[in-house]
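Encoded as structure tokens, the structure appears first; notes follow it.
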Amino acid sequence: MNKTIFRLAIPNILTNLSVPLLGIVDTALMGHLDSPIYLGAVAIGGTVFSFLYWGMGFLRMGTTGLAAQAFGEKNAAQQALILTHALSVALIAGILFVAFQVPIAHLSFWLIPGEADIMEQAQIYFFIRIFAAPATISLYALNGWFLGMQNARIPMILAITGNIVNIGLSVLLVVHYEMGVAGVAWATVGAQYLTFGLSLILFSIFYFSKLQLPNKDAILDPQGLQKFFLVNADIFLRTVCLIFVFAFFTAQSSLLGPIVLAANQIVRQFQDIMAYGVDGFAFATESLVGRYMGAKDEENLRKALRLLFIWGIGLGLLFGIIYAVFGRVLLYIFTDQLPVIDVAQDYLIWIVFISIFASVAFMYDGAYIGATASKAMRNTMLFSTIVVFLPAYYLSLPWLEDHALWFSMLMFMLARTGSMAYLAPRNLFMKFNIEEKGTI
């Protein structure tokens with residue numbers, strides 16, 4: 001079983017760690033310019049795209065769970081139908097984002113205010129990067145489907161290739177051509193379309209001839225569409241809550257001034273690196289739970305979950321230790337501005353604890369996605385956001401001040417972990433009429 005886990009997890013970890021690597025490079029490029037406004041602009045602009053792209057992240061997660069179960073059932077027709085539905089939604093959404101970019105920008109920058117200089121640069125970033133939307137969202141659908149088909153290597157190839165191109169273009173356009181935030185944005189657009197093209201080539205080579213392509217009646221079948229959209233609607237609401245938490249975090253940081261905003265953006269990079277690393281095991285959990293659910297294989301389901309949780313939580317603990325020991329040294333990778341480094345260092349203790357406890361939540365996410373237990377995911381996220389995160393921030397603000405944001409983030413992760421652990425037995429076993437024999 002460990003061999004099966006690592007066959008999926010290692011490519012996923014390499015894939016996921018290449019994503020924050022891009023964020024590290026972009027943050028470092030902006031952080032070494034002559035003003036913190038550029039770093040703040042990328043932070044705010046990136047948060048806007050988190051609204052848009054994370055909001056469509058249900059296509060990656062929902063597609064993985066559904067495709068993995070179809071894989072476990074050995075249903076080639078269903079596998080093709082799931083991909084068709086996911087890609088259709090992705091392309092339509094991407095085109096709509098481009099078409100309505102002006103009202104989207106007005107609403108987004110109204111929700112996330114900032115100083116005038118920062119907002120001017122953030123808008124430059126937004127109106128360039130938005131043209132990558134069709135390719136970016138389509139890649140969510142394709143990567144989710146590949147993972148559901150127990151193939152983590154193609155997403156790894158796509159992510160590493162795309163991010164190497166993106167980093168190379170960012171360095172060229174920012175350092176050589178001195179294009180600032182516009183250079184970072186154009187680099188992302190170019191890299192996303194190149195990666196999307198490569199994904200279609202790889203799909204054609206490895207899968208096109210093996211699938212039973214659906215006809216029009218199958219694509220528009222109400223029962224199939226209902227299952228696809230019900231699962232994804234719950235995951236969408238869950239993702240909206242997650243987006244809100246991080247957007248709220250950035251917005252409140254912005255109100256505390258450019259130094260705090262820049263410091264929080266850097267420490268958030270630490271959090272992202274940990275999250276993407278642990279998600280390598282969480283994505284493997286999605287694939288294997290879906291596969292064994294589809295095959296009704298209780299023994300391997302339980303065995304996979306136990307081992308996956310051990311590896312995932314262990315990796316989160318390792319990140320926490322690294323940040324505790326080498327945190328300040330790592331800050332210099334992102335910026336040479338001492339006021340920003342001094343503030344960021346004060347926040348490192350929070351990211352140490354978040355790395356440990358959040359890893360459990362991420363592993364439960366993977367299990368719930370693989371089981372398509374989308375309603376439970378939605379409910380636990382609503383609870384963690386509304387009942388825990390917001391009260392934790394406002395109640396702790398008078399005595400923790402700027403640290404209240406990090407305290408509320410820690411409480412949010414603990415609430416997610418606790419609520420999903422409580423609901424796990426009935427959603428991961430009883431949901432498929434498997435006799436409950438205990439918890440994970």
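The values are calculated or read from the model by the stated rules, or taken from the named source; none is laboratory data. Values in this document were obtained by computation on a predicted structure and should not be read as measured data. Every residue, glycine among them, receives a Cβ derived from its backbone with ideal geometry; neighbour counts consider all protein chains shown. Heads up: the accessible areas ignore ligands, DNA and RNA and are worked out on the full protein's heavy atoms, side chains in. Shrake-Rupley method; radii C 1.70, N 1.55, O 1.52, S 1.80 Å.
Overview of results
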| item | result |
| --- | --- |
| Positions within segment 202-228 being surrounded by 13 or more Cβ atoms within 10 Å (Cβ to Cβ) and of a type in the set (Lys, Arg), in sequence order | Lys227 |
| Identity of the residue in segment 29-76, outside any helix (DSSP H, G or I) and closer than 23 Å to Val240 by Cβ, that ends up modelled with the lowest pLDDT | Gly57 |
| One residue from Ile259, Ile243 being part of a helix (DSSP H, G or I), open to solvent by 10 Å² or more (accessible area, probe 1.4 Å) and out of contact with any Cys (no Cβ under 6 Å at 6 or more places or on another chain) | Ile259 |
| Some residue of segment 198-205 being out of contact with any helix residue (DSSP H, G or I) (no Cβ under 6 Å at 6 or more places or on another chain), hydroxyl-bearing (Ser, Thr, Tyr), modelled with pLDDT under 85 and part of a helix (DSSP H, G or I) | no |
| Residue check for Ala76: touching a Pro at 6+ places or on another chain (Cβ under 7 Å), surrounded by fewer than 23 Cβ atoms within 10 Å (Cβ to Cβ) and over 30 Å from Gly257 (Cα atoms) | no |
| Pairs where the first residue, in segment 193-213, is in contact (Cβ under 8 Å) with a residue 12 or more places away in the chain and the second is open to solvent by 70 Å² or more (accessible area, probe 1.4 Å), C-beta under 8 Å, 6+ apart | Leu198/Ile157; Leu202/Ile157 |
| Qualifying residue in segment 90-101 (condition: open to solvent by 50 Å² or more (accessible area, probe 1.4 Å), hydrophobic (A, V, I, L, M, F, W, C), over 30 Å from Thr372 (Cβ atoms) and free of Cβ contacts under 8 Å to residues at least 24 places away in the same chain) | yes |
| Qualifying residue in segment 114-129 (condition: in contact (Cβ under 8 Å) with a residue 24 or more places away in the chain, out of contact with any strand residue (DSSP E or B) (no Cβ under 6 Å at 6 or more places or on another chain) and not in a helix (DSSP H, G or I)) | yes |
| Positions within segment 247-256 being in a helix (DSSP H, G or I) and open to solvent by 20 Å² or more (accessible area, probe 1.4 Å), in sequence order | Phe248, Gln252, Leu255 |
| Unmet criterion (only one of (1) within 30 Å of Arg302 (Cα to Cα); (2) open to solvent by 70 Å² or more (accessible area, probe 1.4 Å)) for Tyr394 | (1) |
| Top-ranked residue of segment 102-152 - restricted to ones that are touching a Pro at 6+ places or on another chain (Cβ under 6 Å) and of a type outside the set (Phe, Trp, Tyr), ranked as least open to solvent (accessible area, probe 1.4 Å) | Ala152 |
| Of residues in segment 272-293 being more than 28 Å from Ala70 (Cβ to Cβ) and modelled with pLDDT under 90, the one least open to solvent (accessible area, probe 1.4 Å) | Gly277 |
| Long-range neighbours under 6 Å by Cβ, at least six apart or interchain, first residue in contact (Cβ under 8 Å) with a residue 40 or more places away in the chain and assigned to a helix (DSSP H, G or I) within segment 301-319, second hydroxyl-bearing (Ser, Thr, Tyr) and crowded, with 18+ Cβ neighbours inside 10 Å | Leu301/Tyr292; Leu308/Thr285; Gly312/Ser359; Ile313/Ser359; Gly316/Ser355; Gly316/Ser359; Phe319/Ser355 |
